[in-house]
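Participant: For reference, the structure I am asking about is given below.
The values are calculated or read from the model by the stated rules, or taken from the named source; none is laboratory data. Small disclaimer: the values here were computed from a predicted structure and weren't measured. Note that we place each Cβ from the backbone using ideal geometry, even for glycine, and neighbour counts take in every protein chain shown. Just so you know, the surface numbers come from the protein's heavy atoms only, side chains and all, with ligands and any DNA or RNA stripped out. Shrake-Rupley method; radii C 1.70, N 1.55, O 1.52, S 1.80 Å.
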Amino acid sequence: MTEPSGVLVVNKHTGVTSHDIVGKVRRLFGTRRVGHTGTLDPMASGVLVVLVGRAAKAAEYLGADRKSYRAILRLGLTTDTEDSTGTVLSRSEALPDAATVQAVCQNFTGELLQIPPMYSALKQNGQKLCDLARQGITVERSARPVTVHTLTCTPTQATEEYRLEVDCSAGTYIRTLCADIGKALGCGGVMASLERTRAGSFSLEGSHTVAELEAMCAEERAACLIPIESLFASLPAVSLPAFFERLCRSGCEIYQKKLRTAHATGQRVRLCDENGTFFALGEVREYPEGTAFKALKLFDLKTETE
């Protein structure tokens, strides 16, 4: 029986870890080869891109896509986790009006520097920050550049809460964004809820909950898998004639001058056969005789020896 392979867009529910979702997908698809492209905290819901079968080999080349979120910012509160589940550190009754909150939020667009929260999966010296935090250990973290492309702030019926719609670079911590906005307002702020609505080219539309997947038969679940090539949809495609395809599969570089292409050095591409069928992720590299395509990872069944 052929191992299922492809991309599964899961609409993660709250209360479970991303690893819990991976475990459920392993059981449902009958394969150990399952990974994901970006962790969601247990309190968060929404788009979790899961890689099944041969698609799991792509994990190391992913994760830098733009992401979009819906969040609730709760003012008048700070916690050790920067969200509403943490230990309360301070409270404030003096809350700014909506116009002030919305004006300050606009200062948090563009290129920003964020200090990663202690309660995060980021590793420092081989240890996850969240594991250190649970031991009561706080370590110095360097500020990291992130980009918030757009940020809208809308009042809710609760005077202390605002709905945020955020489109940002990978690596942006929404809980830290909420905490930083609260600090700028002088009253404190935490993230009260979070939903990821988009990760790269994958959105909630076309996603599947675990409950929906569990209710499907094996054929229906297999039909939910998106081709591996979709992971690299933003990259240019390069079709190789059969002779060059065989050389490429064997690990040889394919010079651009032979294909009459002119992609820049470092450009990653989708390598396809002469019929336009994707078979590998490639990269343009510099060689003594010029620039050439080199396969970074082969994905189609012809390369499988297992």
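Participant: With +1 on each Lys and Arg Cβ and -1 on each Asp and Glu Cβ, and nothing else charged, work out how big the dipole of the stretch 134-246 is about its Cα centre, in Debye to the nearest 20. Please report the intermediate quantities before stating the final value.
Facilitator: Numbers: 10 positive and 14 negative charges, 114 e Å.
It comes to approximately 540 debye.
Participant: With the cut-off at 1.5 for a/c, could you classify the stretch 1-68 from its C-alpha gyration tensor as rounded, prolate or oblate? Show your work: numbers first, answer last.
Facilitator: On the way: a/c = 2.35, a/b = 1.31, b/c = 1.79.
Oblate shape, in that a/c is at least 1.5 and b/c is the bigger or equal ratio.
Participant: Go through 169, 157, 295 and say which Cα lies farthest out towards the positive end of the charge dipole of the chain; charges sit on Cβ, +1 for Lys and Arg, -1 for Asp and Glu.
Facilitator: About the Cα centre, the residue reaching furthest to the positive side is 295.
Participant: Compute the distribution of all C-alpha to C-alpha distances in the stretch 218-304, in bins of 5 Å from 0, and list the percent of pairs in each, rounded to whole numbers.
Facilitator: 3, 14, 26, 24, 16, 8, 5, 3, 2, 0, 0
Participant: If you consider only alpha-carbon coordinates, what radius of gyration and Dmax does the stretch 149-259 have, in Å?
Facilitator: 22.6, 67
Participant: Of 78, 52, 94, which is farthest on the positive side of the dipole of the stretch 44-102, counting Cα position, with +1 on Lys and Arg Cβ, -1 on Asp and Glu Cβ, and the Cα centre as origin?
Facilitator: 52
Participant: Average the reciprocal distances over every distinct pair of alpha-carbons in the chain, invert the result, and give the Kirkwood radius in Å.
Facilitator: 21.6 Å
Participant: Can you give the charge dipole size of the chain about its Cα centre, rounded to the nearest 20 debye, using +1 on the beta carbon of Lys and Arg and -1 on the beta carbon of Asp and Glu?
Facilitator: Numbers: 35 positive and 35 negative charges, 145 e Å.
Its charge dipole is roughly 700 debye.
Participant: Let me ask you something else. Can you give the accessible area per residue of the chain, in Å², using a 1.4 Å probe?
Facilitator: 50 Å²
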